[in-house]
Amino acid sequence: MAILQSRRILLVSDEQTVREITQICLETVVKCEVLTVSSSNERIVNAEAQQVNAILLDIDEKTSHTDWLALVQSLQNNPATQDIPIILLITNIQSHNLLQLGSKGIKAAIAKSFDLLALADRIVAALDWNGNLMELVAVHWIAIAIL
């Protein structure tokens, strides 16, 4: 497996439990640094300041469609963040038009609830980081749409 310690992911989630569990999983399995934020004010500032390689954006039933689309648009309109790949964690993948997500610059959409080890493998695959986590763990398939 490729060691990806020089990689940084910004994990954006309003849920502390999601942030903590996902961070531990990605840091342990993928061997990358995971920075976490919860408030909308922190999101873009941290993406710029921390020079992240990817943004993992948790979308739940409480997150309005307009809010997260506005955040994605802000990131894409900012020269400092426009090339950062964005991966969505979505409660109901069927409720989103996957082609529309691709046109919005979303690299992948991963359905919740997921096997955390499979999540790590899917993130590596979506970002083309060439890590092969399948050799290390028994992974259960999850619903994912890579755009």
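Taken together, the values in this text are just the output of simple stated rules run on the coordinates, not laboratory data. This one's a predicted model, so the numbers in the text were calculated from it and none came from an experiment. No Cβ is skipped: glycine too gets one built from the backbone with ideal geometry, and neighbour counts run over all protein chains shown.
For residue 56, what residues show an amide H to amide H distance below 5 Å, using hydrogens built from the backbone and excluding near sequence neighbours?
Under 5 Å from the amide H of residue 56 lie the amide H atoms of 10, 11, 12, 87, each far enough along the sequence or on another chain.
Could you sort the peptides 18-31, 68-81, 115-128 by per-residue average Cβ neighbour count (10 Å cutoff), highest mean leading?
115-128, 18-31, 68-81
FRET efficiency for residue 20 and residue 51, Cβ-Cβ distance as r, R0 = 22 Å, nearest 0.05?
For residue 20 and residue 51, the calculated efficiency is 0.45.
Once you place label points 7 Å from the Cα toward the Cβ at residue 78 and residue 115, how far apart are they in nm?
3.5
So how much slack lies between residue 70 and residue 91, counting 0.36 nm per residue of separation and subtracting their Cα-Cα distance, in nm?
Computed gain between residue 70 and residue 91 is 5.7 nm.
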